[in-house]
Amino acid sequence: MENQISEQYQITPKISCIVPVYNVEKYLRRCVDSILNQTFTDFELILVDDGSPDNSPAICYEYAVKDSRIKVIHKVNGGVSSARNVGLDVAKGEWICFVDSDDLIEADYMQKMYEAAINNNSDFIMCGIQQIAGYETLKNNYKKKIKKKYSL
């Protein structure tokens with residue numbers, strides 16, 4: 001008989017982070033690394049491969065064997081909403097977090113969101129985004145803002 005833990009006795013994570021994955025091998029490692037490097041560690045990461053024809057499924061498995069918090073699900077391509085719904089079907093967390101696979105999150109993202117939800121007795125939390133076009137673009141835009149602000 002296999003040594004299995006029944007589902008009712010498994011530890012429930014505070015947050016289930018769902019990431020739909022499709023043709024993002026260029027960005028996926030950066031995304032997953034930003035999630036795994038959270039200061040808040042009580043989460044599960046659900047990577048939903050939406051029938052990606054590139055190397056994304058292999059990258060998902062590469063991470064899953066390294067970290068037990070990661071679940072990988074493969075499905076026939078159905079779009080981002082379909083992938084999120086499949087993630088919701090297997091999510092065990094008290095809270096749900098969605099991150100797009102070409103995005104990255106700050107190291108304290110989950111901590112801040114969780115604390116905001118708990119401290120404000122909220123049912124739903126959302127935040128803004130910051131678009132990053134590339135290091136050179138950011139550096140040049142920053143210089144322009146500094147020049148404008150301080151008349152350099």
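When Glu136 is tested against (1) part of a helix (DSSP H, G or I); (2) among the acidic types (Asp, Glu); (3) at pLDDT 95 or above, only condition (3) is not met. Mind checking which residues of region 35-64 are of a type in the set (Ser, Thr, Tyr) and touching a Phe, Trp or Tyr at 6+ places or on another chain (Cβ under 8 Å)? Of everything in region 35-64, those that are of a type in the set (Ser, Thr, Tyr) and touching a Phe, Trp or Tyr at 6+ places or on another chain (Cβ under 8 Å) turn out to be Ser52, Ser56. The single condition from (1) out of contact with any helix residue (DSSP H, G or I) (no Cβ under 9 Å at 6 or more places or on another chain); (2) closer than 29 Å to Ser122 by Cα; (3) of a type in the set (D, E, K, R) that Arg69 fails is (1).
The values are calculated or read from the model by the stated rules, or taken from the named source; none is laboratory data. This is a predicted model, so every value here is computed, not measured. Virtual Cβ from ideal backbone geometry, glycine too; neighbours counted across all protein chains shown.
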